[in-house]
1. Restricting attention to the range 63-81, and to residues there that are surrounded by 19 or more Cβ atoms within 10 Å (Cβ to Cβ) and basic (Lys, Arg), which single residue is nearest to the chain's Cα centre (by Cα)?
2. Quickly run through the range 36-60 and pick out the residues that are touching a helix residue (DSSP H, G or I) at 6+ places or on another chain (Cβ under 7 Å) and more than 23 Å from Gln173 (Cα to Cα).
3. Filter the range 46-62 for residues that are of a type in the set (Gly, Ala, Ser) and exposed (fewer than 15 other Cβ atoms within 10 Å of the Cβ) and give the result.
4. Restricting to the range 77-99, name every residue that is part of a loop (DSSP other than H, G, I, E, B) and within 18 Å of Ser111 (Cβ to Cβ).
5. Does the range 35-76 hold any residues that are of a type in the set (Asp, Glu) and not in a helix (DSSP H, G or I), and which are they?
6. Within the range 29-40, is even one residue surrounded by 15 or more Cβ atoms within 10 Å (Cβ to Cβ) and at pLDDT 90 or above?
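The values are calculated or read from the model by the stated rules, or taken from the named source; none is laboratory data. Here the structure is a predicted model, which means the values were calculated and not measured. Ideal geometry is used to build each Cβ from the backbone, glycine not excepted, and the neighbour counts take in all protein chains shown.
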Amino acid sequence: MKEKVKLAEQNADMTHLEDKARALDVSREQLEQRRHALVARLRAGDRDAASDLVDEYHQQIYLYMRRLGHDRQSSEDLTQEVFFNAWHHIGQLKDEKALNSWLYRIASNVSNLYWRRHKHKEMVGIENINTPEISTGRDDEFGHYEQLEQLNYAVARLPERLKQTVVLHYMQQLTIAEAAQVAGIRQGTFKSRLNRALKALRKSVT
């Protein structure tokens with residue numbers, strides 16, 4: 001009897017997981033369809049599509065700029081510049097599925113250009129920005145820290161390339177493939193930088 005109950009529970013758990021997986025697949029499919037339609041409208045010169053692009057991605061790109069060390073006003077200005085560039089260079093986007101990483105690549109270039117023009121301007125910290133727990137459940141997990149401010153401070157002090165990996169993958173929640181594409185490097189190189197960043201953070205926050 002106990003074995004039957006246990007088997008029934010296992011089957012129920014499996015059914016739940018399968019249902020959840022199917023729901024995620026549907027969500028991904030719907031997201032891809034929406035992005036495909038949005039890119040098609042942008043390429044057709046639909047200005048309403050430009051507004052939709054801003055509505056969907058403004059917060060993400062703004063937070064990305066803040067987490068790269070720009071102050072509030074600069075982040076807002078640079079975010080607007082990102083969408084201006086995206087609108088005028090939409091023809092360079094070859095794959096609709098890459099819209100997310102393409103926008104972040106533009107944002108990274110805009111940020112890098114800003115810092116080259118303002119070499120003596122001090123970066124601001126990542127204070128007062130809600131940051132997801134940097135935890136993956138894999139070997140590169142370094143645990144949960146009670147003082148989020150300490151972690152944000154440590155991330156802000158990382159070398160630029162290492163900081164970018166943490167910000168893209170953990171804070172902006174891009175996949176390894178997307179984040180590597182944004183950084184313009186191979187996935188293996190991105191993972192190596194990410195591991196180096198996590199080791200540095202472990203030393204900083206322990």
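1. Arg67
2. Correct list: Arg41, Leu42, Arg43, Ala49, Ala50.
3. Correct list: Ser51 only.
4. If the condition is that a residue be part of a loop (DSSP other than H, G, I, E, B) and within 18 Å of Ser111 (Cβ to Cβ), then His89 is the only one that fits.
5. Result: Asp46, Asp71.
6. The answer is no, given that none of the residues of the range 29-40 is surrounded by 15 or more Cβ atoms within 10 Å (Cβ to Cβ) and at pLDDT 90 or above.
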